[in-house]
1. Tell me, which helices (runs of 4 or more DSSP H) wholly within the range 87-205 include 2 or more residues that are closer than 22 Å to residue 51 by Cβ?
2. Restricting attention to the range 11-37, and to residues there that are away from the ligand (no atom under 16 Å from the Cβ) and under 17 Å from residue 180 (Cβ atoms), which single residue is surrounded by the fewest Cβ atoms within 10 Å (Cβ to Cβ)?
3. Which of (1) surrounded by 11 or more Cβ atoms within 10 Å (Cβ to Cβ); (2) on the phi < 0 side of the Ramachandran plot; (3) touching a residue at least 40 places away in the same chain (Cβ under 8 Å) does residue 193 not meet, given it meets every other one?
4. Exactly one condition in (1) within 15 Å of the ligand (Cβ to nearest atom); (2) surrounded by fewer than 18 Cβ atoms within 10 Å (Cβ to Cβ); (3) not aliphatic (A, V, I, L, M) is false for residue 178; which is it?
5. Please pick out the residue among 155, 176 that is closer than 27 Å to residue 46 by Cβ, among the hydroxyl-bearing types (Ser, Thr, Tyr) and touching a residue at least 12 places away in the same chain (Cβ under 8 Å).
6. Out of all the residues in the range 100-114, which are among the small types (Gly, Ala, Ser) and surrounded by 12 or more Cβ atoms within 10 Å (Cβ to Cβ)?
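The values are calculated or read from the model by the stated rules, or taken from the named source; none is laboratory data. These figures come from a predicted structure and were not determined experimentally. Note that we place each Cβ from the backbone using ideal geometry, even for glycine, and neighbour counts take in every protein chain shown.
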Amino acid sequence: MPQPPVSPSALDAALRRRSIRRYTSAPVPDDTLTALLAAMARAPSASNTQPWRVVVVRDPARKQALQEAADNQPQVGGAPVVLALYTDMEDVVAHLDEVVHPDLAPERRAATMASLTRTFGAMTVAERAAWGQAQTGIALGYLLLCAEALGLGTSPMLGFDAARVRALLEIPAHASVNALVALGVPAEPGFRPHRHPLNRIVSWR
Ligand SMILES: Cc1cc2nc3c(=O)[nH]c(=O)nc-3n(C[C@H](O)[C@H](O)[C@H](O)COP(=O)(O)O)c2cc1C
């Protein structure tokens, strides 16, 4: 099968991206937001479970309430859009037919669904949530990189009261909130990157 040409844009976006905590008032158009979410949704996940779910928050009053539930971090109220990225493995388990590939032969689909039912059935709700959160972390990475590629800044956040965020956004109680992500046109450059040198994190054998 012919491969698309190698594009440096993912590399560029990875090297350019920084957390942005101040935004201009420029709105994020619906089609840009949709393109971003569609790219995020292409993230890979174990057994293609795709346990990530997203709430898009643009209403100023809701953003303000969210900011109060997020340690009063100003980028929550100050960004034109805030995304709440959460994991709902109970929804996945209830709809396994949606995630098993339709191109598989019927017997193979049935066997895959039975195997997933056994695997997830042997876990507690909390264990399933932790398993799913690892998958949603991949989607978070896609989201941050693709936003950068679209010229948008992001501020991923874990500093929030999960119970308050769930209540404010009507997220199911069993779901785990992976991150809030402020999104918009940057009004600051962000901090210069500070990362481990490769020889601190990579071993060659
Ligand atoms: C999952 C996650 C949670 C984070 N939580 C917060 C947060 O609550 N508040 C904040 O200001 N930054 C938060 N950050 C941003 C990190 O501090 C930042 O990514 C890191 O210092 C590297 O800087 P950079 O993103 O500019 O490259 C978070 C980042 C990630 C990936």
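1. Where helices (runs of 4 or more DSSP H) fall fully within the range 87-205 and carry at least 2 residues being closer than 22 Å to residue 51 by Cβ, they are 89-94, 106-121, 125-149, 162-169.
2. The initial filter retains those residues of the range 11-37 that are away from the ligand (no atom under 16 Å from the Cβ), namely 24-37.
Subset that is under 17 Å from residue 180 (Cβ atoms): 28, 33, 36-37.
Values: 28: 20, 33: 20, 36: 22, 37: 15.
Only one residue fits best here, namely 37.
3. (1)
4. (2)
5. Step by step, each of 155, 176 is checked, and only 176 is closer than 27 Å to residue 46 by Cβ, among the hydroxyl-bearing types (Ser, Thr, Tyr) and touching a residue at least 12 places away in the same chain (Cβ under 8 Å).
6. Selection gives 110, 111.
Conditions tested, residue by residue: (1) under 17 Å from residue 143 (Cα atoms); (2) free of Cβ contacts under 8 Å to residues at least 12 places away in the same chain.
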| site | (1), (2) |
| --- | --- |
| 10 | yes, no |
| 23 | no, no |
| 36 | yes, no |
| 40 | yes, no |
| 52 | yes, no |
| 55 | yes, no |
| 60 | no, no |
| 63 | no, no |
| 67 | no, yes |
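The rows are residues; the columns are (1) touching a helix residue (DSSP H, G or I) at 6+ places or on another chain (Cβ under 8 Å); (2) modelled with pLDDT under 95; (3) not in a loop (DSSP other than H, G, I, E, B).
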position	(1), (2), (3)
27	no, no, no
32	no, no, yes
38	no, no, yes
44	yes, no, no
47	yes, no, yes
50	yes, no, no
54	yes, no, yes
62	yes, no, yes
